[in-house]
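**Student:** Mind having a look at this structure? Questions to follow.
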Amino acid sequence: MEINDNKVLMMGSLFDGIGGFPLAAVRNGIVPVWASEIEPFPIRVTEHHFPDMAHMGDITKLAGAKLPPVDIICGGSPCQD
């Protein structure tokens, strides 16, 4: 069974932080397509390491039907100080 036409898994990341899930994804042949994060510093880190990944902003404002389709959605529980 093929997941998509390219036979490459695509991933979206919620509460992305500094991109731990996208890093693990690319090391396993998975393409990180988009991420949701609100903190400016982590966003800058992931923009540097994953320039092709779209940054979608605040998870409470995401419109699921408008997100690029992915095969995998991952998420880290929001961090606390």
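The values are calculated or read from the model by the stated rules, or taken from the named source; none is laboratory data. The shown structure was predicted, so the numbers you read here are calculated from the model rather than taken from an experiment. Quick reminder, even Gly has a Cβ in these numbers, built from the backbone with ideal geometry, and neighbours come from all protein chains shown. These accessible areas exclude ligands, DNA and RNA; they are computed on the full protein's heavy atoms, side chains included. Shrake-Rupley method; radii C 1.70, N 1.55, O 1.52, S 1.80 Å.
**Student:** Can you pull out every residue in region 35-81 that is open to solvent by 40 Å² or more (accessible area, probe 1.4 Å), of a type in the set (Gly, Ala, Ser) and touching a residue at least 60 places away in the same chain (Cβ under 8 Å)?
**Tutor:** Across region 35-81, the qualifying residues are 75, 77.
**Student:** Right, here's the next one. So which of 9, 23 is closer than 15 Å to residue 73 by Cβ, out of contact with any Leu (no Cβ under 9 Å at 6 or more places or on another chain) and either open to solvent by 50 Å² or more (accessible area, probe 1.4 Å) or of a type in the set (Asp, Glu) (or both)?
**Tutor:** 9
**Student:** How about region 36-81: which of its residues are within 19 Å of residue 9 (Cα to Cα) and among the aromatic types (Phe, Trp, Tyr)?
**Tutor:** Selection gives 50 alone.
Yes/no per residue for (1) under 11 Å from residue 16 (Cα atoms); (2) of a type in the set (Val, Ile, Thr); (3) assigned to a loop (DSSP other than H, G, I, E, B); (4) touching a strand residue (DSSP E or B) at 6+ places or on another chain (Cβ under 8 Å):
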{"position": "42", "(1), (2), (3), (4)": "yes, no, no, no"}
{"position": "47", "(1), (2), (3), (4)": "no, no, no, yes"}
{"position": "51", "(1), (2), (3), (4)": "no, no, yes, no"}
{"position": "69", "(1), (2), (3), (4)": "no, no, yes, yes"}
{"position": "78", "(1), (2), (3), (4)": "yes, no, yes, no"}
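Quick grid of which residues meet (1) modelled with pLDDT under 95; (2) on the phi > 0 side of the Ramachandran plot; (3) of a type in the set (D, E, K, R):
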{"residue": "6", "(1), (2), (3)": "yes, no, no"}
{"residue": "10", "(1), (2), (3)": "no, no, no"}
{"residue": "31", "(1), (2), (3)": "no, no, no"}
{"residue": "36", "(1), (2), (3)": "no, no, no"}
{"residue": "52", "(1), (2), (3)": "no, no, yes"}
{"residue": "55", "(1), (2), (3)": "no, no, no"}
{"residue": "66", "(1), (2), (3)": "yes, no, yes"}
{"residue": "81", "(1), (2), (3)": "yes, no, yes"}
